[in-house]
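Chemist: Would you mind keeping the following structure in view while I ask a few things?
The values are calculated or read from the model by the stated rules, or taken from the named source; none is laboratory data. Note that the coordinates shown come from a computational prediction; the quantities given were computed from them, not determined experimentally. FYI the Cβ positions are ideal-geometry reconstructions off the backbone, even for glycines, and counts take in every protein chain you see. Accessible surface areas use protein heavy atoms only, side chains included; no ligands, DNA or RNA. Shrake-Rupley method; radii C 1.70, N 1.55, O 1.52, S 1.80 Å.
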Amino acid sequence: MPPDAVQPIKAVPVKDDYLVDTLADMGLVTSDDVTQARAEIESGEFADQGVIDRLFATQIINAAHITQAKAIQFGMETVDLSGLTLKDDALQILPRHIANKYKCVPVYFEEGTLIVAVTDPSDLDTMDSLRHVLKVNNLEFRVATEEQVDQAIAKNYATGEESVAGMIQDITEGEIDLGFADTDALEAAQEAADADAPLIKLVNTIIADAYKTRASDIHIEPLEKRLRVRYRIDGCLQEVNSPPKKLQNAIISRLKIQAGMSIAEKRIPQDGRIQLDIIGKSIDLRVNSLPTVHGESICMRILDKSGLKLGLTELGFLTDDQQTFERLIGLPDGILLVTGPTGSGKTTTLYSCLNYINRPDRKIITVEDPVEYVLAGINQVQVHEIIGLTFQNALRAMLRQAPNVVMLGEIRDLETATIAINAALTGHLVFSTLHTNDAPGAVQRLVDIGIKPFLVATASRALMAQRLVRRICKKCIAPCIPTEVELKALRLDPNLPGNKYSKGMGCDNCNKTGNRGRFGVFEVFVIDDSVRKLIFDKVSGVALRARAREMGMRSLREDGARKVVAGMTTADEVIKNTTADEV
């Protein structure tokens, strides 16, 4: 044995001291280091520690060194988990409650083999238990530090909470009584407020998972024999892990209490709001309950204040339409209407307009129900029907505040429309939304509400319709050739040079859908003197649309076709969300 070789430690209180020889062979400790550590232990002050403990306490070695030495002792490889994002397929095989119990994480899953990182390669019981619990054909182990394993669990599993599947399993196996007494509302409220932690965690995790997957809505729907949970991601509903039917009343009561609703009232719809902090971000949830045959259905709209992009470029405008729109929203007066069905992004467009023109020399006031996003430098009024602060009363009051720009959440009736039109005629720039299928249809809608045609003609500056389509995932985008039917529907020439067609192949970034995020397709109808004359003459909507096309207005489908050619979205997506225009 060489003179500098470390003598084996025979009687030490800590089991890891067998690693001293390995650390010496690795060149990480010297015989002097070990002698000094042994002397400190024998002095009595550190009698409860071993040599490895003393070397670690004096910072001669660190956790990574110990992990590497353990791996060498047992013939295993080490793995560095720092900065590593674990894949969903591996996380589904090894859920969080198992990772917490056995101090392990799944590194990756490939060709039937799951690689798992553990903290102690000498713990054969843990590894045998994992082989039994996980039930995979091939299981291989790597060694990582305990700190890295803890950080990987916190980072990758459901934003710091239990996974939904794990929580459901824990609650079901624990046989926790989570029911509420329908006959006594007060007792039910107390039980819900003091509910067992597993239920509270489950409800919070359902919300956290939805936020993590970029969902805009959460739907909790009681069916005859089960409770269904669905997330709306990029406009499409996707069913996720759903709790058992027996938890239905408990989950719905918990959400209603969080949203400030009455859990005693189950016969009529209710509205509420929940505020939560998720991953360091403050989000609001707009909650609605609707009585159905099998129980109350809950819909939660997720409003992420910090994640809203308010630039016009993010909306999906191409250069020419953006220049036109920027000119329109810079006008000193008149009314600009954004039309489309519910969920077509009208409110986001209005916020983007306000953000673009928000300057210190302009006073901007909005009237909304509800105020979805708080914008700095803008006076926002929340409607409260119960106390008499209606759209009409708020509009009258705000005009006495001498604003330059007014934004009205929605024109709903004659009185609201009249005040908005009068504001536009008295030197204010007014933004609002209307539910119509196309831009020219907004004229007919205002007339139907009761506004006289000459007022519509005089006050209107522009009308814009929009729809949302899904954007191709940038990480898995690939060339494609649309079908003959798709090309015909979009009126595209397959032989035209320069056209490029793309689609998403599906990857982890887009959850195998090929799409990530959405943007708008638009038709912008600018009101000029010739159009004003037509409106004054009470022409039909068909005639107005024909004039708009003569002026160069592109239909929603034509704007979508341009974005298909630009490789932003797919032909199928545009066809699905727009209608053909034969004018």
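Chemist: Need the full-extension length gain, D572 to T85, defined as separation in residues times 0.36 nm minus the C-alpha distance. One decimal, nm. Numbers along the way, then the final one.
Modeler: Working: separation 487, 0.36 × 487 = 175.32 nm, distance 3.25 nm.
Answer, rounded to one decimal: 172.1 nm.
Chemist: Given an 8 Å cut-off on Cα distances and at least 6 residues of separation, report the relative contact order of the stretch 302-414 as a percent.
Modeler: On the way: 101 pairs, mean separation 28.2, N = 113.
Rounded, it is 25 percent for the stretch 302-414.
Chemist: How about the stretch 396-455: which trypsin sites (Lys or Arg not before Pro) there lie in a loop by DSSP and see at most 13 other Cβ atoms within 10 Å?
Modeler: Working: sites: R396, R400, R412, R445; in loops: R400, R412.
Answer by residue number: R400.
Chemist: Quickly estimate the mean residue ellipticity at 222 nm for the chain, helices only: each DSSP H run with n ≥ 4 gives -39500 (n - 2.57), and the total goes over all residues, rounded to 500. Kindly include the intermediate steps, with their values, before the conclusion.
Modeler: Values: 24 runs with 223 residues, N = 583.
Using -39500 (n - 2.57) per qualifying helix, the result is -11000 deg cm²/dmol.
Chemist: Now for a separate question. How far, in degrees from 0 to 90, does helix 319-329 lean away from the longest principal axis of the Cα atoms of the chain, to the nearest 10?
Modeler: The angle comes out near 60 degrees.
Chemist: Would you mind pulling out the separation of the Cα centroids of the stretch 424-455 and the stretch 309-355, in Å?
Modeler: Each part's Cα centre sits 16 Å from the other's.
Chemist: While we're on this one: Got a number for carbon plus sulfur as a percent of the stretch 309-373's accessible area, 1.4 Å probe?
Modeler: Details: 1220 of 2540 Å².
It is 48 percent, rounded to a whole number.
Chemist: What does the accessible area per residue of the chain come to in Å², with a 1.4 Å probe and no ligands, DNA or RNA counted?
Modeler: Details: 28430 Å² over 583 residues.
Accessible surface, normalised per residue, equals 49 Å².
Chemist: So which chymotrypsin sites (Phe, Trp or Tyr not before Pro) in the stretch 74-131 pass both tests, a DSSP loop state and at most 13 other Cβ atoms within 10 Å of the Cβ?
Modeler: Working: sites: F74, Y102, Y108, F109; in loops: F74.
Here the sparse-neighbourhood loop sites are F74.
Chemist: For the pairs K201/K225; K474/K500; K346/K474; K266/K346; K246/K281; K212/K474, flag any whose C-alpha to C-alpha distance is greater than 21 Å.
Modeler: Values: K201/K225 24 Å; K474/K500 15 Å; K346/K474 25 Å; K266/K346 32 Å; K246/K281 32 Å; K212/K474 19 Å.
Over 21 Å Cα-Cα: K201/K225; K346/K474; K266/K346; K246/K281.
Chemist: Same structure again: Given the options P244, I329, V229, identify the residue whose Cα lies farthest towards the positive end of the charge dipole of the stretch 194-353 (+1 on Cβ of Lys, Arg; -1 on Cβ of Asp, Glu).
Modeler: P244
Chemist: Would you please name the GluC sites (Glu not before Pro) within the stretch 487-583 that are DSSP coil residues with at most 12 other C-beta atoms within 10 Å of their C-beta? Show your work: numbers first, answer last.
Modeler: Values: sites: E523, E550, E558, E573, E582; in loops: E582.
Qualifying residues, ordered by number: E582.
Chemist: Determine the relative contact order of the chain: mean sequence separation of Cα pairs under 8 Å and six or more apart, normalised by residue count, in whole percent. Kindly include the intermediate steps, with their values, before the conclusion.
Modeler: Numbers: 985 pairs, mean separation 46.6, N = 583.
Relative contact order of the chain: 8 percent.
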